[in-house]
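One structure below.
Here, each number is a calculation from the coordinates, and none is a lab measurement. Nothing here was measured: the structure is a model prediction, and the numbers come from that model. In this analysis, Cβ positions are derived from the backbone assuming ideal geometry, glycine residues included, and neighbour counts consider all displayed protein chains.
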Amino acid sequence: MAKKILLCDDAPTALKLMELILSGEGYEIYKAENAEQAILSLEANGPFDGCVFDINMPGKNGIELSKEYLAHPKGQGGKILIVSTESSDYLRQAGKDAGVKAWIVKPFEDEDLVEVLSKIIG
């Protein structure tokens, strides 16, 4: 059975790119353009095997989304990968404190996304 991945990014091109890369690897993809949509998807389709969240989004950012996701009954123990243009030590630490498992800086190589995601979801 295909592993289910939730992608959340407010940039449609980034969402489409990640969907193409990961669906090509056999993952079942669910997409959200903001934190609110991501939590609704979790409630309707979760739990997920892994998540890929952006940091800079309108409303809640990716770190706030990670905290809310992991606090949700269907999100507990979730494996979250941040993919963002942001790479400051402060944000990385905030992500780690929120329960984020890994971080990739945009732009990224397709293989890096696949490799890091497969490592964190096992």
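Taking every DSSP helix (H) stretch of at least 4 residues in the chain, weighting each as -39,500 (n - 2.57) and dividing the sum by the residue count yields a mean residue ellipticity at 222 nm of -13500 deg cm²/dmol. Using a cut-off of 23 Å between Cα atoms, the listed pairs 60/96; 16/60; 74/96; 3/31; 16/96 include 16/96 as exceeding that distance.
Note on residue 23 and residue 108: the extension gain reaches 28.9 nm, defined as 0.36 nm multiplied by sequence separation minus the Cα-Cα distance. In summary, the stretch 35-106 shows an alpha-carbon radius of gyration equal to 1.01 times the 2.2 N^0.38 Å reference for compact globular proteins. Relative contact order of the stretch 4-121: 24 percent, from C-alpha pairs under 8 Å at least 6 residues apart in sequence.
The residues packed around residue 13, meaning those with a beta-carbon under 13 Å from its beta-carbon, carry a net charge of -2 if Lys and Arg are +1 and Asp and Glu are -1. Between residue 11 and residue 120, residue separation times 0.36 nm minus the direct Cα-Cα distance comes to 36.9 nm. For the stretch 1-55, what does the alpha-carbon gyration tensor say about shape, rounded, prolate or oblate, given a ≥ b ≥ c as the root eigenvalues, a/c under 1.5 as rounded, and a/b over b/c as prolate? Oblate shape, in that a/c is at least 1.5 and b/c is the bigger or equal ratio. Is the chain rounded, prolate or oblate when judged by the Cα gyration tensor, a ≥ b ≥ c being the square roots of its eigenvalues, rounded requiring a/c under 1.5 and prolate requiring a/b larger than b/c? Rounded is the answer for the chain, as its axis ratio a/c remains below 1.5. Placing unit charges on the Cβ atoms of the charged side chains and taking the dipole of the chain about its Cα centre, the candidate lying farthest along the positive direction among 61, 108, 40 is 40. At an R0 of 41 angstrom, the distance between the Cβ atoms of residue 2 and residue 89 translates into a FRET efficiency of 0.70. Charge dipole (Cα centre; +1 on Lys/Arg Cβ, -1 on Asp/Glu Cβ; no other charges) of the chain amounts to roughly 380 debye.
Counting only aspartates and glutamates at least 8 places from residue 67 when in the same chain, those with an alpha carbon closer than 12 Å to its own are 97.
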